[in-house]
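Participant: Quick one: structure below, then a few questions.
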Amino acid sequence: MSDLKGKVAIIGVGEVPTGKFPDRPCVESALRSARQAIGDAGIDKDLIDFLIPIGAVYSSAYNSDLVCSRIVEELGLKGVRGNAQVFSGGASCSTSLKTAAGLISAGIARVVLVVHSDKLGTGVSTQEGIDLFALAGISKEWEVPFGQHYSSIAGLVTTRYMFETGTTEEQVAAVVVSNRKWAELNPNAMIRKPTTVEEVLSSKVLSTPLHARESNVLADGGSAFIVTDAERAREWVEKPVYLLGDGSRVTHFCLSQEKDITRFGYREAAREAFGMAGLSTSDIDVAEVYDSYPVFEMIALEEMGFMERGESGAWFLEGRTWPGGELPVTTNGGMLSQGHTGAGGGMALLVEAVRQLKGQAGERQVQGARFAVLTSTGGAYVDAHVEILGTEVP
Amino acid sequence: METAKIPSKPLPQATPWSAPFWEAAKRGELKVQRCLDCGKPFFYPRIACPHCFSEDLEWVKLSGRGKIYSFSVVFNYAPSAFADDVPYVVAIVELEEGLRMLTNIVTDKPESLRCEMPVQVIFEPAGEDFVLPKFRPVDEA
Ligand SMILES: [Zn+2]
């Protein structure tokens, strides 16, 4: 694994604004994101020789178009040798990056375009979205019959995490505030209105102790990135963003079968990723941490070792993760503010990490950012992925 | 929330190898598989032992006693089929034998629930063909 360090790089990213866009066809989000990524890389579109369309969940008919190379034809890509879907829910950003790195390292592909779009904001009703996700990745035999769904999953994890660490409701709510501070500076984010701990805690309870404002909001969106080998990347672009470290664990399918729902696999994943990169948490300039609900952002940060267990709440509350803070965390606003576009929530964090490293993050730019960590997870938090990206190979 | 017709509850999508679990539940018994090679019990039912991969398995009855590992009381935006049930309690119960399962806690006092609280299995019919193992706090039994 460790010989992958610095061998591939992301050379371009693209993203359309996230939100409710009933008149924007889902495929348009994919095509515009892909065009942006190709433009950002500044390469001829026909150099792309492998396309990875991430799964879309709002429509199986649309998804089958993706599987059958619709994006290749719509973009008029002439040099594509393979089109293969990679899909592991919210972790698809990481698993597609791993797949692209493998294809490139093995000589099967040279330039891989990964593209995602979904239409969960307007392609389905609010209740349809809830019902869709009540079945997506939740055991139809052992959990669905008991009314398990994503709010109750987040509720179960938050309850146990608060019980074991003594974290307070205010500290959990502070994650929403922190992410919103960043979203205020992100023109592509869905929700940019400032908020407070009091406002979050006065929103209605979905599933204890989770409040409505602590839940992601389903949205329409699209994003894309392009990966190639380090040599080509240096030749083609000014600032390649290298994959320096990669680690992951798949820990369960049913939440009830996860051995520790207050930790998941982030510790092992981080040990692998940081070990491969030869870096420590103190080298990281910006942390793009998967946040579909506050508790998952807290757990991932602590398990990666950015602070002691149970201490992240104070960091979020005291502003140490906010713009201008010592550890900028989830700087696009995350799914709690940018919006949740299915697998796109993780994709958006990858795109944001690359923008930060390339100095393209506008008002929320973390000055001089060289190294970023990205986490992602899919389904009922079945896996934990940690990637380290950087503009130099240490 | 809309007042549309509430769809019927999703019933367990059982497998041939889980049938003995559901049959036992109908008789008011909580049963799991145990591996005859490595000796470990496991939940949920599998075609082979998830520890040593042996297919040599037996069914054993559990005590039905356990404690709450975690819980969440659902108040809003439940799945459609559960809209009439709110508030209801989703919980992960850790059984005496060390196994965990997702279930519901049946209680009149959801505000009194705590992690590590002792619970005892009860059985509730779901449709005509299934009985679901749920739990009740021991002090409410
Ligand atoms: Zn065994």
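The values are calculated or read from the model by the stated rules, or taken from the named source; none is laboratory data. Note that the structure is predicted; figures quoted are calculated from it, not measured. When we count neighbours, we look across all protein chains shown, and the Cβ atoms used for this are built from the backbone with ideal geometry, even at glycine. Please note that ligands, DNA and RNA were not included when accessible areas were found on the heavy atoms of the full protein model with its side chains. Shrake-Rupley method; radii C 1.70, N 1.55, O 1.52, S 1.80 Å.
Participant: Would you kindly find the accessible area of A:Thr281, with a 1.4 Å probe and non-protein molecules such as ligands, DNA and RNA excluded, rounding to the nearest 10 Å²?
Facilitator: Its accessible surface works out to 40 Å², give or take rounding.
Participant: Take every Cα pair under 8 Å in chain A that's 6+ residues apart, average their separations, divide by the length, and report that relative contact order as a whole percent. Mind showing how you got there, number by number?
Facilitator: Working: 956 pairs, mean separation 103.3, N = 394.
Once divided by the residue count of chain A, the mean separation gives 26 percent.
Participant: Which loop-located GluC sites (Glu not before Pro) does segment B:51-141 contain, where loop means any DSSP state but H, G, I, E or B and the Cβ has at most 11 other Cβ atoms within 10 Å? It would help to have the intermediate numbers written out before the result.
Facilitator: On the way: sites: B:Glu55, B:Glu58, B:Glu94, B:Glu96, B:Glu97, B:Glu111, B:Glu116, B:Glu128, B:Glu140; in loops: B:Glu55, B:Glu96, B:Glu97, B:Glu116, B:Glu128.
The qualifying sites are B:Glu55, B:Glu116, B:Glu128.
Participant: In addition: Across peptide A:300-307, how many C-beta atoms of other chains are within 10 Å of each residue C-beta, on average? Please report the intermediate quantities before stating the final value.
Facilitator: On the way: counts 0, 0, 0, 0, 0, 0, 0, 0.
That average works out to 0.
Participant: Moving on. Once both axes come from the Cα atoms, what is the angle between helix A:126-135 and the longest principal axis of chain A, in degrees from 0 to 90, rounded to 10?
Facilitator: Approximately 80 degrees, to the nearest 10.
Participant: Now for a different question. Just the number, please: carbon plus sulfur as a percent of the accessible area of chain A, 1.4 Å probe, no ligands or DNA/RNA counted.
Facilitator: Numbers: 6500 of 12900 Å².
So the carbon and sulfur contribution to the accessible surface is 50 percent.
Participant: Would you mind giving the total buried accessible surface between chains A and B, with a 1.4 Å probe and ligands, DNA and RNA left out, rounded to the nearest 100 Å²?
Facilitator: Details: alone 14600 and 8800 Å², together 20130 Å².
About 3300 Å² of accessible surface is lost on pairing.
Participant: So what is the relative contact order of chain B, in percent, for Cα pairs below 8 Å that sit 6 or more residues apart?
Facilitator: Values: 260 pairs, mean separation 30.9, N = 141.
Normalised by residue count, the contact order of chain B is 22 percent.
Participant: Would you be so kind as to list the residues of segment B:76-96 that have their accessible area lowered by at least 30 Å² in the full protein complex compared with their chain by itself (1.4 Å probe)?
Facilitator: Those are B:Asn76, B:Tyr77, B:Pro79, B:Ser80, B:Phe82, B:Val90, B:Ile92, which lose 30 Å² or more relative to the chain on its own.
Participant: Taking the solvent-accessible surface of protein heavy atoms with a 1.4 Å probe, what is the per residue accessible area of the protein assembly as shown in Å²?
Facilitator: 38
Participant: Hey, another quick one. By average Cβ neighbour count within 10 Å, what is the ranking of A:60-70, A:338-348 from highest down? Mind showing how you got there, number by number?
Facilitator: Values: A:60-70: 15.5, A:338-348: 31.0.
Top to bottom by mean Cβ count within 10 Å: A:338-348, A:60-70.
Participant: Treat each spin label as a single point 7 Å out from the Cα along the C-beta direction, and report the B:Ala14 to B:Cys115 distance in nm.
Facilitator: Result for the modelled spin labels: 3.4 nm.
Participant: For chain B, give the percent of accessible area contributed by carbon and sulfur heavy atoms, probe 1.4 Å, rounded to a whole number.
Facilitator: 50
Participant: Which whole-number percent gives the relative contact order of segment A:172-215, counting Cα pairs below 8 Å spaced six or more residues apart? Display every interim value, and only then the final one.
Facilitator: Working: 44 pairs, mean separation 14.8, N = 44.
Computed value for segment A:172-215: 34 percent relative contact order.
Participant: List the residues of segment B:5-36 for which accessible area in the full set of protein chains is at least 20 Å² lower than for the chain on its own; 1.4 Å probe, protein heavy atoms only.
Facilitator: So the qualifying set is B:Pro10, B:Pro12, B:Gln13, B:Trp22.
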